[in-house]
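Enquirer: One structure is given below, represented as structure tokens, and several questions about it will come after.
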Amino acid sequence: MPRRVTRLLLAATLTSLIAVGALVSVPQPVDAQWRDQEVATATLQAKTIPPVSLAGASPFCSWAGLITTTSISLQWSPPAGYASTTVQFVAQKGTNSQLVTGATTTVAGGVYTTTIPISILNAIGSLLGGSFVIHVTVVDPQTGWSSKVVDYTYVMTLAGIVTSCSATPAG
């Protein structure tokens, strides 16, 4: 390579390095002090919402009706410190579910019996010839958090007669 080309390349390289060096900034001192006063504190406390308990005589569920089933019943008791009004019932068949409203609850000897008319459950689809589940949870009134679920499963024939029911405690 001729000397002149070498000198031009060297000059171009040095000029490039000087230009890049000018673009890179050197850290400057700041006035910030990382000793600000604390402005807030918090304390977190875990809360577990206890589920309902199975109560009464096993299988803790039943049904009523002479020719076809007209209502189902489930027996339970609320956890200590929670009223029966904090208990929520959700009916489910397959992928369809609904919050149960219009059920009646009575209490005798610490055992709560909730009776749900079959007509209320028709919104989740035909109950004939299959099973459906009533999910029972306790909803904490202050936090809105829910307990683990207690399930009551009912099996119904095509004729509209419940043939069995079972209860599964929260697990």
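Enquirer: What residues of segment 121-135 lie in the reach of a label at T95, counting those whose backbone N is under 20 Å from a point 7 Å from the Cα along Cα→Cβ?
Expert: 122-128, 130-135
Enquirer: What list of ³J(HN,Hα) couplings, whole Hz, do you get for segment 40-48 from phi and the Karplus terms 6.51, -1.76, 1.60, once you set θ to phi - 60° and write x for glycine and proline?
Expert: My calculation for segment 40-48 gives 7, 9, 8, 10, 9, 9, 6, 9, 10 Hz in order.
Enquirer: Turning to a different aspect of this structure: With r defined as the distance between the Cβ atoms of K47 and N122 and R0 fixed at 41 Å, what FRET efficiency is calculated, to the nearest 0.05?
Expert: Values: r = 37 Å, r/R0 = 0.89.
Efficiency for this residue pair is about 0.65.
Enquirer: First measure r as the distance between the Cβ atoms of V155 and A83, then evaluate 1/(1 + (r/R0)^6) with R0 = 35 Å and state the FRET efficiency to the nearest 0.05.
Expert: The calculated FRET efficiency here is 0.65.
Where a number appears in this text, it was derived from the coordinates with a stated rule and is not lab data. Remember, predicted model here, so these are calculated numbers, not experimental data. In this analysis, Cβ positions are derived from the backbone assuming ideal geometry, glycine residues included, and neighbour counts consider all displayed protein chains.
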